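What follows draws every value from the coordinates through simple rules; no lab data is involved. Keep in mind the model is a prediction, meaning the values are calculated, not measured. Heads up, the Cβs are rebuilt from the backbone with ideal geometry, glycines too, and the neighbour counts pull from every protein chain shown.
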Amino acid sequence: MQLLIMTALIITFTLFTYGLLIYWDGRRKIKKRVELPETGLTIPNFRQLQEGSPTKKRFLDLLTFSGQWALKDQKEISKLRTSLINAGYRHPNAPAIYFGLRILSALVLPIPFLAYCVLQGKLNSLNLIFAFWFSGIGFFLPTYGLRVRLRKRQNKIDKSLPDVLDLIIICMEAGLSLGATLVRVAEEIRGVYKDFYLELHLTNLELRTGIAWSEALNNLGKRTGVQSVKSLVALMIQSERLGASIAHALRTHADFVRAQRALKAEEKAAKLAVKLLFPLLFFIFPAMFIVILGPAVIRLGEIFSSGLR
């Protein structure tokens, strides 16, 4: 019972702290957007978007040092770096930080349980097995977090694609070049679709360094890892090579993306009945039976007991 109470207190304190951090971060973003001056088509320095505090830098250096041991298989490291970039982590030492974080979580997660066992004098072999189990969970927890972050970011980019396509079409039909279009669209979506804004910003920086726009667009598709963005990039490159109108092709593709989104929504709605079957069967129906039949069973029990007397 004491272990359950302590676990509930730790979870409550963690969720409360997380809620306060989200609240303060939201207030900071709103204040920054309100105080942001109108600067036209200027693009901020991308490095400034990635800078952190000195404490964060020292912490990342510690994780990098801890995870250097795993950087041996270059093929696996390349796949991991691609996944990290798709999830939005572009730090040069991101793979080492990832492995260092796995080690740190494996060491930190069992500490509260071991501290409780020591304070209660219950440090035995069974509790040590549970501690190793918590350590294993901590070691694989960053992997699960990376997958969740990757899926969430790709879903955000995929959902923002039709609106971004409309802005690109409007800018290109107005006579802007590809570089000016990307700058203008990035500025328009800066406060709404931050992930897509960063990707377009990087693409524009590549164009400004002299990279061919077809290569820059291909890099955009590889960085996001979203199939719809890759299809968009392939469509733009193919339209340019064949001499077709890019704006017309993008308009057709935008209609296709919206139709595809509607089909996905219908598919999720069709799966909803099957997904609700098990919660209804194991949680809702038993509660309804208890509420409906419970009083009758109690009454029948009282009648039979009084009859036997």
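Stretching Leu205 away from Ile111 to a fully extended chain increases their span by 29.3 nm, per 0.36 nm per residue minus the current alpha-carbon distance. Put one equal scatterer on each alpha carbon of the chain, apply the Debye formula with no solvent term, and list log10 I(q)/I(0) at q = 0.08 1/Å to two decimals. Each listed q corresponds, in turn, to -0.59. Using a 10 angstrom cutoff on alpha carbons, build the Gaussian network for the chain and name the most mobile of Leu276, Leu21, Leu182. Most flexible of the set in this elastic network: Leu276.
Entry note, the chain: the mean residue ellipticity at 222 nm calculated from DSSP H runs of n ≥ 4, each adding -39500 (n - 2.57), is -28000 deg cm²/dmol after division by the residues and rounding to the nearest 500.
Greater than 23 Å separation of Cα atoms is the criterion. Which listed pairs, Lys72/Lys156; Lys79/Lys222; Lys57/Lys159, meet it? Correct reply: Lys72/Lys156; Lys57/Lys159. Under a cut-off of 20 Å between alpha-carbon atoms, report the aspartates and glutamates in cross-link reach of Lys56, not counting same-chain residues fewer than 8 places apart. Result set, ordered by chain and number: Asp25.
For the range 218-309, the list of GluC sites (Glu not before Pro) that fall in a loop by DSSP and count at most 11 other C-beta atoms within 10 angstrom is empty. For Phe134, Phe289, the sequence from fewest to most other C-beta atoms within 10 Å is Phe289, Phe134.
Convex hull over the Cα atoms of the range 158-263, averaged projected area in nm²? List each step's numbers first, then the result.
Working: hull surface 24.6 nm².
That works out to 6.2 nm².
Size descriptors for the range 56-193: radius of gyration and Dmax over Cα atoms are 22.0, 76 Å. Working note: Karplus 6.51/-1.76/1.60 with θ = phi - 60° gives the range 256-262 the couplings 5, 5, 5, 5, 5, 5, 5 Hz, where Gly and Pro are set to x. In this Cβ point-charge picture (+1 for Lys and Arg, -1 for Asp and Glu), the range 123-205 has a dipole of about 460 debye about its Cα centre. 3J(HN,Hα) along the range 180-193, derived from phi through the Karplus expression 6.51 cos²θ - 1.76 cosθ + 1.60 where θ = phi - 60°, amounts to 5, 5, 5, 5, 5, 5, 4, 5, 6, 9, 4, x, 10, 10 Hz, with x in place of Gly and Pro.
Here the Gaussian network model covers the chain, with springs between Cα atoms less than 10 Å apart; of Pro162, Pro95, Pro110, Pro110 fluctuates the most.
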